[in-house]
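S.K.: Below is the structure I would like to discuss, written out as structure tokens.
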Amino acid sequence: MSNESNFASDKSGARFYHKKDLYLAIILVAFGAFVYYEADKFPPAPLVLGDTINADVFPKILVVVLLFLTAIIPFEFKITPEKVAKIDKERNERTISITWITIVMLLTIVSLANFLGAVLTMFTTCLIFPLVWGEKNYVAVAIYAIVFPACVYLLFNQLLGLYFEPGLLEIFKK
């Protein structure tokens, strides 16, 4: 067994780290820094809640875990060198169009979430995504699109008392 088995193939451009994984890690670190910065703007929780993990602390914990896991990514190929060639081959294949369609749909739905409101956003997501992904059982999709948002609304809004932005449903409130 040669010493080269601990390194990525020459085609990957990696010796000490994997080049493509390093780019991914840099993007994730930038995203993590942005989220941490935004979470730092959250107001501290009232003292009545005690020393629990509150809304101003929980995102920071997630970001720290994300950053720790991100630090592993560029060096992961050394742990499993036999998978490097397969991973590099899959990365060179063209991304299928449904991936791009899904990304555009997600960005569109997220940008409309304030306008639609929480329940209509869940309903739209539960209805459109399965259909775009090729689900042909329209009855099952319709049931899912109605039942899932209703259950989430009942659990979180009615039972737990969390506020859901009504969006378009505000007109039916009166």
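The values are calculated or read from the model by the stated rules, or taken from the named source; none is laboratory data. Just so we're clear, the structure is a prediction, and the values are computed from it rather than from any experiment. Here Cβ is always computed from backbone atoms with ideal geometry, including for glycine, and neighbour counts include all displayed protein chains.
S.K.: V139 fails exactly one of the following numbered conditions: (1) surrounded by fewer than 10 Cβ atoms within 10 Å (Cβ to Cβ); (2) under 23 Å from the mean Cα position of the chain (by Cα); (3) more than 30 Å from L24 (Cα to Cα). What is the number of that condition?
M.R.: Only one criterion in (1) surrounded by fewer than 10 Cβ atoms within 10 Å (Cβ to Cβ); (2) under 23 Å from the mean Cα position of the chain (by Cα); (3) more than 30 Å from L24 (Cα to Cα) is unmet by V139, namely (2).
S.K.: Among the residues of the stretch 101-136, write down those that are touching a residue at least 24 places away in the same chain (Cβ under 8 Å) and not hydrophobic (A, V, I, L, M, F, W, C).
M.R.: T102, N114, G117, T121
S.K.: Residues that are under 30 Å from Y163 (Cβ atoms), at least 1 per element: which helices (runs of 4 or more DSSP H) completely within the stretch 83-152 meet that? If you could, list the steps in order and put the result at the bottom.
M.R.: On the way: elements: 84-92, 97-116, 118-132.
The qualifying helices (runs of 4 or more DSSP H) are 97-116, 118-132.
S.K.: Can I ask one more? Go through the stretch 153-174 and give me each residue that's free of Cβ contacts under 8 Å to residues at least 24 places away in the same chain and either assigned to a helix (DSSP H, G or I) or touching a Leu at 6+ places or on another chain (Cβ under 6 Å) (or both).
M.R.: Listed by number, the residues that qualify are L154, L155, F156, N157, Q158, L159, I171, F172.
S.K.: Scan A39, A30 and give me the residue that is assigned by TED's automatic domain parsing to the domain that holds K83, exposed (fewer than 14 other Cβ atoms within 10 Å of the Cβ) and modelled with pLDDT of 65 or more.
M.R.: On the way: A39 fails: exposed (fewer than 14 other Cβ atoms within 10 Å of the Cβ).
Only one candidate qualifies: A30.
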